[in-house]
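Chemist: Got a structure for you, questions after.
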Amino acid sequence: KANYFSKFSKAPVICKLVGRKVLDGVGQPTLEVEIYCTVKNYEKRICSTIMASHSQIPESALPETIEADEKERKDSVHTAVEWVNESLNTMLRDLESTDQCQADKMLGEYFAKKVEEKKEIQKREEEEAAKVIPAPSSCPPTPIPKQKKGGKPGLLNLILIFSAIQILIKVLKHILLAIGGTSLAIAKAGATISCVPLYLYIALLKHDQESPKEMILPLPMVTLLNCEKNLPTKLKLVKEVMLIPPVELSLKQGIERIQDIQKELTRLLEPSGKMPAPLKRISHLGCLTTGYDNLEQLLLLMQAACKNIGLELGTDMYLAINCAAHQLMDYDKGKYEILTGTFRSPDEMVAMYVEMINNFPFIIALIDPLRKEDREQWSSICWSLGSKCYLIAEDAATHISKLKTDQNINIAMCSGVVLKYINQTKVSDLIELTGILDGQRHITILGSPDGESLDESLVDLAVGLGARFLKLGGLSRGERVAKYNRLLAIEEEL
């Protein structure tokens with residue numbers, strides 16, 4: 001009887017949001033959002049989510065730049081916590097936790113309103129600052145040079161405009177962190193209330209509540225080596241070396257095979273090994289950190305590690321390389337520094353990649369081989385290599401919000417895009433954008449940011465959205481291993 005009458009009870013609604021500052025996997029402050037719902041007249045904690053953080057600061061940044069970035073991050077988290085506990089808490093109270101579309105709509109409107117408010121304040125401040133202070137009567141007024149039609153604005157105006165933009169960007173980061181965390185927390189709450197796994201809840205949202213006929217797990221891109229670009233070794237072209245297991249293996253078999261390769265590679269990298277290299281440490285990506293003097297040295301070592309345990313690259317395992325080309329550009333020369341002291345123009349980079357893939361066909365994906373500004377070269381490399389390997393934009397892709405409004409920005413020139421659930425994201429945005437990518441026959445990769453947390457939601461998002469690949473980092477560090485374990489658990493369920 002109790003079960004029968006419970007069907008007629010009022011649907012659970014959000015009664016409270018709690019925001020708090022916590023630490024992510026690299027010890028940086030980030031936002032946690034906790035959801036409480038009124039369930040059968042009782043307040044009940046439903047779930048929480050912790051936002052991952054992603055730094056755009058390059059490895060070789062100056063100490064003062066890193067310090068400024070850390071201060072900005074702390075300010076962002078502090079303000080985001082306030083907004084979750086105050087404005088968003090009040091705004092979303094009494095909303096059904098399963099109404100993701102309405103929640104994201106309200107969050108989007110709140111964001112737009114805040115942006116307009118800040119623009120108005122800045123406009124007034126600019127007008128005040130631009131007023132000319134009257135000169136004393138004893139002195140003749142200093143003539144103000146007229147600006148030529150079509151000429152550049154004066155230095156003062158440039159400084160004012162730049163300052164206004166910087167303030168606006170900082171404020172937007174605060175709002176976006178709060179909005180991204182709240183949207184994901186509501187999705188988790190909706191799944192919990194609906195008594196379904198989060199991946200299925202996301203899939204139902206994407207397919208208008210129709211259960212998909214088949215759910216295919218994304219292939220993992222497992223980072224094996226992190227080749228930091230500030231090491232004394234010469235090779236700068238490679239940031240990450242990733243392994244992709246063949247599709248015929250189960251996820252469990254693929255990860256076991258990758259573990260075997262990792263063990264053998266670690267043995268080879270030890271001083272007593274046949275091919276010594278400067279082994280450093282386990283990086284924040286959960287993998288070995290090391291460097292090389294040239295690309296061939298690195299790839300031959302990978303081949304040797306596989307061959308020693310009876311595996312062949314290109315058949316039993318595949319490689320993906322994250323080039324992170326935006327970190328290679330020498331702006332004075334207008335060229336990429338691929339090795340210490342060795343520079344290549346964008347056109348020369350395309351020729352180099354074509355030669356690389358022809359010589360090493362087991363590389364089936366290149367991530368950020370060029371900067372997003374090199375649009376002509378992106379088209380050229382896709383024309384030359386598009387049938388041989390995936391050409392993926394990560395940092396070379398634009399922000400999710402812009403990808404939604406202008407669906408052709410950089411997408412037409414690559415095989416797919418790495419999407420990360422960071423500040424600017426709402427669950428509805430990801431659903432809409434992956435639908436656009438699916439329709440254009442581009443692959444979606446869900447990627448794990450630098451500053452990961454133990455929150456496993458990214459894996460459920462990848463499965464529910466039908467991502468082709470999942471880029472989580474290495475098979476070490478709790479916050480990354482937790483996600484691989486979640487992926488294995490979903491494979492078992494399905």
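The values are calculated or read from the model by the stated rules, or taken from the named source; none is laboratory data. Quick caveat: nothing in here was measured; it's all calculated off a predicted structure. Ideal geometry is used to build each Cβ from the backbone, glycine not excepted, and the neighbour counts take in all protein chains shown. Surface areas here come from the heavy atoms of the whole protein model, side chains and all, with no ligands, DNA or RNA. Shrake-Rupley method; radii C 1.70, N 1.55, O 1.52, S 1.80 Å.
Chemist: Below 8 Å, C-alpha to C-alpha, sequence gap of six or more: please give me the relative contact order for segment 249-386 in percent.
Modeler: Working: 135 pairs, mean separation 25.5, N = 138.
Over segment 249-386, the number comes to 18 percent.
Chemist: Here's something else I'd like to know. Heads up, I need the accessible area for residue 176: 1.4 angstrom probe, whole protein in place, Å², nearest 10.
Modeler: Counting only protein heavy atoms, the figure is 30 Å².
Chemist: Here's another thing I want to ask about it. Once R0 is set to 25 Å, what does the formula 1/(1 + (r/R0)^6) return for the Cβ-Cβ distance between residue 376 and residue 69, expressed as a FRET efficiency to the nearest 0.05? Write out the running numbers ahead of the final one.
Modeler: Working: r = 32 Å, r/R0 = 1.28.
Using R0 = 25 Å, I get an efficiency of 0.20.
Chemist: Taking Cα centroids, how far is segment 332-401 from segment 74-130 in Å?
Modeler: If we compute the Cα centre of each part, the gap is 38 Å.
Chemist: How large a share of the accessible area of segment 8-110, in percent, is made up of carbon and sulfur atoms when the probe is 1.4 Å and the other protein chains stay in place?
Modeler: 51 percent
Chemist: Leaving ligands and nucleic acids out of the surface, order 317, 106 by accessible area at 1.4 Å, largest first. Walk me through the intermediate numbers first.
Modeler: Values: 317 0, 106 35 Å².
My answer, sorted largest first, is 106, 317.
Chemist: Based on the Cβ-Cβ distance from residue 112 to residue 228, what FRET efficiency comes out when R0 is 30 Å, to the nearest 0.05?
Modeler: That pair, residue 112 with residue 228, gives E of 0.15.
Chemist: Which aspartates and glutamates, if any, have their Cα less than 19 Å from the Cα of residue 213, not counting same-chain residues under 8 positions apart?
Modeler: Result set, ordered by chain and number: 438, 460, 491, 492, 493.
Chemist: Compute the relative contact order of segment 312-404 as a whole-number percentage, counting only Cα pairs closer than 8 Å that sit 6 or more residues apart in sequence.
Modeler: Once divided by the residue count of segment 312-404, the mean separation gives 32 percent.
Chemist: Determine, from the Cβ-Cβ distance of residue 454 and residue 55 and an R0 of 22 Å, the FRET efficiency 1/(1 + (r/R0)^6), rounded to the nearest 0.05.
Modeler: After rounding, the FRET efficiency stands at 0.70.
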